[in-house]
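The values are calculated or read from the model by the stated rules, or taken from the named source; none is laboratory data. Being a predicted model, the structure only gives us computed values, none of them experimental. Positions of Cβ are backbone-derived with ideal geometry, glycine not excepted, and every protein chain shown enters the neighbour counts. The area values use the complete protein model at the heavy-atom level, side chains included, leaving out ligands, DNA and RNA. Shrake-Rupley method; radii C 1.70, N 1.55, O 1.52, S 1.80 Å.
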Amino acid sequence: MMNNWDLLIMLPILFAMCFFTLLFIVFKEKVKKNQIIFLVNTALLWVILGYLSNQNSNNIPSTLLIDKAEYFSIVILGTSLFLVFLKPLATFITGIIRNRFIWIKITYVLVFILLVIDFFTKNYINSYLFVFTTLLLSICLASSTIFFLYCNEQYYYRIYVLPVVWIIFSFIGFGTAFGTYLNELKVLFTNYYYQNTIIVLCIILIIYLFSYSFFIQENKNLAGVFDKEIIDSIPKKNNFNFFLIYLIVFLVSITSSLNNSLIVKMFIGLNLRDYGIDYNNVISLLRTFNFLYTIPSILISYFIYKFALKYFGQKYLIFACLFLIFGAYTILAFTTNPFIYISVNVFTGILFNQIVFSLFSLCIMWNYRSPKNPVTGFFGSAMFGAKFIVSSIEKIIANLKKGVFHNVGLLSDLENIKNVNSDSLKEFDIATTLMMSFSCMIILICILVFYFKNNSFFADYINYNNATRNIKNLLKKRIMEKAKTKIDFSGKEKEVKSSENIEK
């Protein structure tokens, strides 16, 4: 089997398919020129962020250079901890000042700084610099929610949350996955020429993005929540319902993190080595395992929204995905075949994203009805909080060589294994069975919560078409009232014409 076949053959084909999917989205949604530029710029930024994120995760200082206490500190700070707090902060601040794009501009500046640091430090980075770069990167990654909100506000007048979610998800997902791929390509080169070339190109690209951002005009009247008069005419917020949505997202994200955990990857790797597969091809298969969790979602999720949603409805689609992901975890709980794990990851990735981003569309809807309550931000905190808990605990246990990690703690340890220890294999088998069984139990809890509370979650958006029509009419009525008359300095009323397209 050819080494790095995934990087050289499989992934280029998948990314080409993703590119045509993005073209189809632009064509099908009849996206206008200004929005096309915004979407392309969004994808380009997330190519860079995907590259930097993967680079940062590979730059954790070795325990050979620092003591265990320092290592544990940077593992905690170097995961998703910052994002847990920055997600709601980004939504809250940009909503209060009614300027979403300011956070994106700040992201451009910080990305430029990160690229310069990466250019001069290469693969060596000390603990303090690592924490600093992680903080800057977290501020940049916290902008993901802003792209959804900005697009919905400026191009869809805060009305059409579903198309916005799947359009932006597709472009951000593609950019992030492709940036990760570019970083993984470093294994094919033995010097820094490739890395320096990529960084220089990224620097040129971020300068372009920052320069172009000054030509973007943001309508501040569309940023932030609806007017009080509109909020009073639609279903009211309920913080307990918000908490339950966050709870479902947190629990589903826990299962996702467990499904992609180091324990599962080590279990797959040990089984592959036990089959006699050499180390290089084991690593290729593990990379495939990672990418198959994200790329198929980019290829399929929009089509599910566009063509399947009208037959099932959003509520029943979420139900179906919850039951299907429960079935997928049940299969994984009782299998020891690594190829089944890799194959099923295609479906768990699609189902996870369908559940999470369908719920996220509800949070965008509620975000405009909840003054001073960054609903979408807390949603992100719940999702990344789950990732933080699983990732940090697992890395610390692996470093301590405790539990199943007492013999092998890193994927690189697989290179030195000639004959797989049957006891280690059995221990990882038991661990993965328990994890997937636990995931099944969590999904059942999510199904129960969603069953009893889904009507409250959706409110008037149980019927999506009627809800969007009602909001559109309310916005038109409100704008016409505001544009009808103005009081001039002499106290007389005069009729004015609004410049906003939604009034037409």
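Which fully enclosed helices (runs of 4 or more DSSP H) of region 274-374 have 2 or more residues being of a type in the set (Val, Ile, Thr)?
Because the criterion is at least 2 residues that are of a type in the set (Val, Ile, Thr), the helices (runs of 4 or more DSSP H) in region 274-374 that meet it are 279-291, 295-303, 314-333, 338-367.
Among the candidates 453, 482, 418, 472, which residue alone is in a helix (DSSP H, G or I), without any contact (Cβ under 8 Å) to a residue 60 or more places away in the chain and on the phi < 0 side of the Ramachandran plot?
Step by step, each of 453, 482, 418, 472 is checked, and only 482 is in a helix (DSSP H, G or I), without any contact (Cβ under 8 Å) to a residue 60 or more places away in the chain and on the phi < 0 side of the Ramachandran plot.
Checking the structure you have, find out if any residue of region 99-117 is in a helix (DSSP H, G or I), touching a residue at least 12 places away in the same chain (Cβ under 8 Å), of a type in the set (Ser, Thr, Tyr) and in contact with a Lys or Arg (Cβ under 9 Å, 6 or more places away or on another chain).
No: region 99-117 contains no residue that is in a helix (DSSP H, G or I), touching a residue at least 12 places away in the same chain (Cβ under 8 Å), of a type in the set (Ser, Thr, Tyr) and in contact with a Lys or Arg (Cβ under 9 Å, 6 or more places away or on another chain).
Among the residues of region 343-362, write down those that are over 18 Å from residue 161 (Cα atoms) and open to solvent by 10 Å² or more (accessible area, probe 1.4 Å).
343, 344, 346, 347, 350, 351, 352
When residue 227 is evaluated against the numbered criteria (1) at pLDDT below 90; (2) open to solvent by 70 Å² or more (accessible area, probe 1.4 Å), which criterion, by number, is the only one it fails?
Of the numbered conditions (1) at pLDDT below 90; (2) open to solvent by 70 Å² or more (accessible area, probe 1.4 Å), the odd one out for residue 227 is (2).
With respect to the numbered conditions (1) of a type in the set (A, V, I, L, M, F, W, C); (2) within 17 Å of the chain's Cα centre (by Cα); (3) open to solvent by less than 10 Å² (accessible area, probe 1.4 Å), which one is the sole condition not fulfilled by residue 365?
If we test residue 365 against (1) of a type in the set (A, V, I, L, M, F, W, C); (2) within 17 Å of the chain's Cα centre (by Cα); (3) open to solvent by less than 10 Å² (accessible area, probe 1.4 Å), just (2) comes out false.
Restricting to region 86-137, name every residue that is farther than 30 Å from residue 193 by Cα and of a type in the set (Lys, Arg).
Scanning region 86-137 gives 87, 98, 100.
Among residues belonging to region 185-215 that are at pLDDT 90 or above and β-branched (Val, Ile, Thr), point out the one that is nearest to the chain's Cα centre (by Cα).
This residue is 206.
Being within 19 Å of residue 182 (Cβ to Cβ) and either free of Cβ contacts under 8 Å to residues at least 12 places away in the same chain or open to solvent by less than 20 Å² (accessible area, probe 1.4 Å) (or both) narrows it down to one of 199, 207, 203, 248, so name that one.
199
Considering only region 83-99, state which residues are open to solvent by less than 40 Å² (accessible area, probe 1.4 Å) and closer than 29 Å to residue 391 by Cα.
The answer is 83, 84, 86, 87, 88, 90, 91.
Which condition from (1) under 28 Å from residue 192 (Cβ atoms); (2) modelled with pLDDT of 95 or more is the one that residue 22 breaks?
Among (1) under 28 Å from residue 192 (Cβ atoms); (2) modelled with pLDDT of 95 or more, the lone unmet condition for residue 22 is (1).
Just checking, which of 372, 306 is within 23 Å of the chain's Cα centre (by Cα) and open to solvent by 10 Å² or more (accessible area, probe 1.4 Å)?
Every option except 306 fails the conditions.
Kindly indicate whether residue 236 is charged (D, E, K, R), out of contact with any helix residue (DSSP H, G or I) (no Cβ under 9 Å at 6 or more places or on another chain), within 30 Å of residue 369 (Cβ to Cβ) and at pLDDT below 90.
Here the answer is no, as residue 236 does not meet what is asked.
A quick yes/no check of all residues on (1) touching a residue at least 12 places away in the same chain (Cβ under 8 Å); (2) out of contact with any strand residue (DSSP E or B) (no Cβ under 7 Å at 6 or more places or on another chain); (3) not basic (Lys, Arg):
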site: 307; (1), (2), (3): no, yes, yes
site: 310; (1), (2), (3): no, yes, no
site: 319; (1), (2), (3): yes, yes, yes
site: 336; (1), (2), (3): yes, yes, yes
site: 349; (1), (2), (3): yes, yes, yes
site: 367; (1), (2), (3): yes, yes, yes
site: 378; (1), (2), (3): yes, yes, yes
site: 381; (1), (2), (3): yes, yes, yes
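Of 125, 117, 172, which residue is among the hydrophobic types (A, V, I, L, M, F, W, C) and modelled with pLDDT of 95 or more?
172
For region 378-399, enumerate the residues that are hydroxyl-bearing (Ser, Thr, Tyr) and surrounded by 20 or more Cβ atoms within 10 Å (Cβ to Cβ).
Selection gives 381, 391.
Just to confirm my filter: which helices (runs of 4 or more DSSP H) fall fully inside region 154-267 and include at least 1 residues that are more than 28 Å from residue 24 (Cβ to Cβ)?
Here the list reads 193-213, 228-231, 239-259.
Out of all the residues in region 35-44, is one or more in a helix (DSSP H, G or I), under 28 Å from residue 140 (Cβ atoms), of a type in the set (Phe, Trp, Tyr) and open to solvent by less than 60 Å² (accessible area, probe 1.4 Å)?
The answer is yes; a qualifying residue exists.
So residue 17 passes all but one of these: (1) open to solvent by 60 Å² or more (accessible area, probe 1.4 Å); (2) under 30 Å from residue 282 (Cβ atoms); (3) more than 23 Å from the chain's Cα centre (by Cα). Which condition number does it fail?
(3) is the only condition that residue 17 fails.
Scan region 144-152 and tell me whether some residue there is assigned to a loop (DSSP other than H, G, I, E, B), out of contact with any His (no Cβ under 9 Å at 6 or more places or on another chain), hydroxyl-bearing (Ser, Thr, Tyr) and open to solvent by less than 10 Å² (accessible area, probe 1.4 Å).
no
Please work out which residue is nearest to the chain's Cα centre (by Cα), limiting yourself to region 425-447 and to residues that are polar (S, T, N, Q) and crowded, with 20+ Cβ neighbours inside 10 Å.
439
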